[in-house]
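Just below is one structure, and these are the notes that go with it.
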Amino acid sequence: MATRRAWVRGAALAAMAATALAGCGFRLRGAGLRFAFRTLRVQAGADSDVLQRLRAQLQAAGVAVLDATARGPDGEAAVPDVILQVLQDQRERVVVGTTAAGQVRELALRRRVRFALRTPGGRELIAPTELLQERELSFSETVVLGKEAEEALLFDDMRTAIVRQLLVRLSAVSAL
């Protein structure tokens, strides 16, 4: 009987918390992003992990991401609603601190993405914009493998943040 009472109490508390959060306007970040376009083509020099994650997120939101070989029902090249031009997608690793002996002590990790959004007719919807994420990483020769894993995690975190920023900016486009 006591476990049933505890379960009912827990369920009631969860329901009250959900109601309170919904009433104050709380929603998960990125939830409910709406886009003014239904199809998008990505123009980039090379595919990257940012573009792969962005494609997946857009497709999950119901946007068809066309590649260069996409064809319409008539066999002609499919015309997207918008074209996302990725002008730069760069990872940087810069030494910002050294010891008196000249050994690396601290690194700055940067992820830089420049992009623009336009219609197939050439009308600019988002001017060339740069998104930059930066993290600092202390470095030690004695734990190189651990620092490599930490660096990979930091770059993954930066990728996620840049994709989120890109999605928010793309969803801010209101009219084509």
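The values are calculated or read from the model by the stated rules, or taken from the named source; none is laboratory data. Model, not experiment: these values are computed from the prediction. Glycine also receives a Cβ, built like all others from the backbone with ideal geometry; neighbour counts cover every protein chain displayed.
Numbers for the structure displayed
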{"item": "Any hit, the range 155-164, residues being assigned to a loop (DSSP other than H, G, I, E, B) and of a type in the set (S, T, N, Q)", "result": "no"}
{"item": "Filter result for the condition that a residue is hydroxyl-bearing (Ser, Thr, Tyr) and within 16 Å of LEU54 (Cβ to Cβ), over THR160, THR98", "result": "THR160"}
{"item": "Tally, over the range 57-76, of residues that are closer than 16 Å to LEU33 by Cβ and surrounded by fewer than 12 Cβ atoms within 10 Å (Cβ to Cβ)", "result": "2"}
{"item": "Unmet requirement for SER174, which otherwise passes all of (1) modelled with pLDDT of 90 or more; (2) over 21 Å from GLY97 (Cα atoms)", "result": "(1)"}
{"item": "The range 48-63, residues that are more than 16 Å from VAL173 (Cβ to Cβ) and among the small types (Gly, Ala, Ser)", "result": "SER48, ALA56, ALA60"}
{"item": "Candidate set: the range 127-142, residues that are of a type in the set (A, V, I, L, M, F, W, C) and closer than 16 Å to ARG93 by Cα; chosen: the one modelled with the lowest pLDDT", "result": "PHE139"}
{"item": "Top-ranked residue of the range 122-157 - restricted to ones that are without any contact (Cβ under 8 Å) to a residue 24 or more places away in the chain and either among the hydrophobic types (A, V, I, L, M, F, W, C) or in contact with a His (Cβ under 6 Å, 6 or more places away or on another chain) (or both), ranked as surrounded by the fewest Cβ atoms within 10 Å (Cβ to Cβ)", "result": "LEU145"}
{"item": "All positions within the range 61-84 that are outside any strand (DSSP E or B) and in contact with a Pro (Cβ under 7 Å, 6 or more places away or on another chain)", "result": "VAL79, PRO80"}
{"item": "Selection status of ARG123, in the same structural domain as GLN52 (by TED's automatic domain parsing), under 22 Å from the mean Cα position of the chain (by Cα) and of a type in the set (Lys, Arg)", "result": "no"}
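For every residue, the table says whether it meets (1) over 16 Å from the mean Cα position of the chain (by Cα); (2) in a loop (DSSP other than H, G, I, E, B); (3) farther than 18 Å from GLN43 by Cβ.
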position: GLN59; (1), (2), (3): no, no, no
position: VAL86; (1), (2), (3): no, no, no
position: GLU106; (1), (2), (3): yes, no, yes
position: ALA127; (1), (2), (3): yes, no, no
position: VAL143; (1), (2), (3): yes, no, yes
